[in-house]
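Below: the structure, in structure tokens.
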Amino acid sequence: MHNGTSALLQQLEKTRDETLRYFALGEDDLARTYGPGKWPVRFVLHHIADSETVLFERVRRTLSEPKPVLWVFDPDLWAKGLDYASVPMDVSRRMYEAVRAAVIHYAARNYEKNGHREFVHSVTGVRTLKDELDKIASHNEHHLGHIRKALESKGLNP
């Protein structure tokens, strides 16, 4: 396994483990926000789970189809349309955990071997499989930063 693949897998596992711990937070902590007008932790976790499914679809389509065109999604519309306020945390936790396991499986086998495969993103243009796998890890880490900030005042961070 190449160093790039190994580093990616470590980041995917690390962010997975931290993310899964936050799904067990109590209602008060799930309601905390990382800033005025920002999503509560509950919404951030649902967004991470939903984003994982969208980004994994891009991975699967890129591995299976020649240069597919894949559409952007609007996280705010998803939060509203999927009613993040009422989705049970366990539904998103189980979805996230299962999809992340699949991401890790395909990343281990394809990051170097097929990382050059391309897709066309409807807004950002041509991207590669490597780009998307890297984005999965960095997107998760980005939102973990929001959760950590929301929980900072209570001293809940690991």
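Read-outs: derived from the displayed coordinates by stated rules, not from any lab. In this text the structure is predicted, and so the values were computed from the model without any measurement. We place every Cβ from the backbone using ideal geometry, glycine too, and count neighbours over all the protein chains shown.
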What angle do you read, to the nearest 10 degrees and between 0 and 90, between the alpha-carbon axis of helix 89-110 and the longest principal axis of the chain? 30
Can you tell me the orientation of helix 129-152 relative to the chain, as the angle in degrees between its alpha-carbon axis and the longest Cα principal axis, to the nearest 10? 10
Would you mind finding the longest exposed-site-free stretch of the chain, with exposed chymotrypsin sites (Phe, Trp or Tyr not before Pro) meaning DSSP loop and at most 16 other Cβ atoms within 10 Å? 74-158
Pop a pseudo-label 7 angstrom from the Cα along the beta-carbon direction at both residue 20 and residue 90 and give the gap in nm to one decimal. 1.6
Amide H neighbours of residue 70 under 5 Å, at least 5 residues apart or on other chains, H built in the peptide plane: list them. 120, 121, 122
Along the dipole axis of the chain (charges at Cβ: +1 for Lys and Arg, -1 for Asp and Glu; origin at the Cα centre), the most positive-end residue among 69, 25, 146 is 69
Note the angle between two axes, namely the Cα long axis of helix 3-22 and the longest principal axis of the Cα atoms of the chain, as a number of degrees from 0 to 90, rounded to the nearest 10. 20
From Cα coordinates alone, what are the radius of gyration and Dmax values for region 43-142 in angstrom? 13.7, 41
Any aspartates and glutamates with Cα under 16 Å of the residue 130 Cα? List them, leaving off those in the same chain fewer than 8 positions away. 52, 57, 65, 112, 118
Tell me, what HN-Hα J-couplings in whole Hz come from the Karplus equation 6.51 cos²θ - 1.76 cosθ + 1.60 at θ = phi - 60° for each residue of region 68-73, using x for Gly and Pro? x, 9, 10, 8, 5, 10
Do you know the relative contact order of region 37-158, to the nearest whole percent, from alpha carbon pairs under 8 angstrom that are 6+ apart? 36
